[in-house]
Amino acid sequence: MANVGKIDRMFRLIFGVIFVLGGLIYLANPVSYIVAFVGLVLIVTGLRGQCAVYSVLGINTCGSPYCDVPEPEPAVEPRPVPLSKQEPFEFELPREEAPPAKKKAKPKKKAKKKPKAKKKSSKKGSKKKR
C-alpha cells in the first residue's frame, strides 16, 4: 500500500538523483558510496510510492492535505434547461449620457496697434552741422 504522497515522492526523486550523482563524482571517499546508496534508496521509494521506514513509524503522506497537490475536480457540464422553463431573456444596452455641448469660444479681436508718432526734438538752439 502506498504511503508516500506526491510532493514527498517528487522531493525523494530530486534528492535521490542529486545524492547518486554526488556520490559517483567523489568515488575516492568511502562516504561517497553511502551517499550514492542513500540516493538510490530515495529514487526507489520515490518511484514505488512506498517507504518501509514510514510503514514502521505509521506515517502516511499519501492523501494528506499538507503533503499532496489537490486533484482538480472534473468539470461538470450544465444540463440544458428546456425551452418551456426558460425565462425570456431581455438585453438592454447601457445608455450613455451625452456630454454637455461645448460652447464655441468667439475669437478675440486683436486691438489694432496705432503707429507711433515720431517725437520732434524740441531743443532750441541746436544747430545741425553740415
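Please treat every number below as a calculation from the coordinates, not as lab data. From a predicted model like this one, the values you see are computed outputs, not experimental measurements.
Subtracting the Cα-Cα distance of Ile14 and Val56 from their residue separation scaled by 0.36 nm leaves 12.7 nm.
3J(HN,Hα) along region 29-37, derived from phi through the Karplus expression 6.51 cos²θ - 1.76 cosθ + 1.60 where θ = phi - 60°, amounts to 8, x, 5, 5, 5, 5, 4, 5, 5 Hz, with x in place of Gly and Pro.
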